[in-house]
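Down below is the structure, laid out as structure tokens.
Quick note: the coordinates plus some simple rules give every number you see, no bench work behind them. Here the structure is a predicted model, which is why all the values come from computation and not from measurement. Here Cβ is always computed from backbone atoms with ideal geometry, including for glycine, and neighbour counts include all displayed protein chains.
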Amino acid sequence: MMYPHPAYVSGFSGRAEVLFVVGRLGVKSHCGGIHWPCKMKSGPLPMPFVTTIPGGLYPSKSIILSGTVLPSAQRFHINLCSGSHIAFHLNPRFDENAVVRNTQINNCWGSEERSLPRKMPFVRGQSFSVWILCDTHCLKVAVDGQHLFEYYHRLRNLPAINKLEVGGDIQLTHVQT
């Protein structure tokens with residue numbers, strides 16, 4: 001069933017039809033004659049959570065996750081992987097009041113990035129949403145609708161980055177890859 005009411009989404013210049021769905025849904029987005037595959041899962045989702053990223057990363061590709069930080073949380077992680085490499089490791093650490101980012105190639109971690117433009121955006125016991133937008137040279141990451149940082153690609157074969165892993169002290173409720 002189609003509803004003729006357009007939805008306007010911040011950062012999206014096209015038209016979107018709105019449909020409320022409970023359960024599993026496969027979606028293909030359509031824009032200007034080009035189709036992009038997309039997978040959506042809603043939860044609660046099992047942890048640790050692993051899924052494929054259809055088509056891997058490419059400029060304009062978005063990954064969206066929502067969940068709730070557990071009240072006694074110490075850490076959680078969101079990894080974007082290419083084979084055995086971790087191209088992007090997002091690791092909020094409540095015991096250090098930090099959001100650590102890094103890359104692991106051949107089981108060796110690179111230099112950590114920790115600087116943030118504002119305080120730690122994740123709060124124990126509270127819900128959150130993370131939006132990861134792939135750009136040509138970097139990943140742009142927003143938390144709860146606010147841009148938080150850019151992470152420049154250390155692995156540049158973007159289509160090979162085709163797996164999402166989430167683990168740690170959260171309840172994951174929604175993933176869109």
| query | How do Ser115, Ser127 line up, fewest other C-beta atoms within 10 Å first? | reply | Ser115, Ser127
| remark: The exposure ranking of Met120, Met47, fewest beta-carbon neighbours within 10 Å first, is Met120, Met47
| said: Please compute the length gained on full extension between Arg156 and Leu70, using 0.36 nm multiplied by the number of residues separating them and subtracting their Cα-Cα distance. | reply: 27.6 nm
| query | In the range 35-176, how many lysine pairs have Cα atoms under 17 Å apart, counting only pairs 8 or more places apart or on different chains? | reply | 6
| remark: Going from the fewest other Cβ atoms within 10 Å to the most, one would list Phe88, Phe94 as Phe94, Phe88
| query | From the backbone phi of the range 161-177, what are the Karplus-calculated ³J(HN,Hα) couplings (6.51 cos²θ - 1.76 cosθ + 1.60, θ = phi - 60°) in whole Hz, Gly and Pro given as x? | reply | 7, 10, 9, 10, 10, 10, x, x, 8, 9, 9, 7, 10, 7, 9, 10, 10
| query | Residue by residue, what Karplus-based ³J(HN,Hα) values in Hz, rounded to whole numbers, does the range 109-124 have, using 6.51, -1.76 and 1.60 with θ = phi - 60° and x for Gly and Pro? | reply | 6, x, 7, 6, 10, 10, 5, 9, x, 8, 5, 3, x, 9, 10, 3
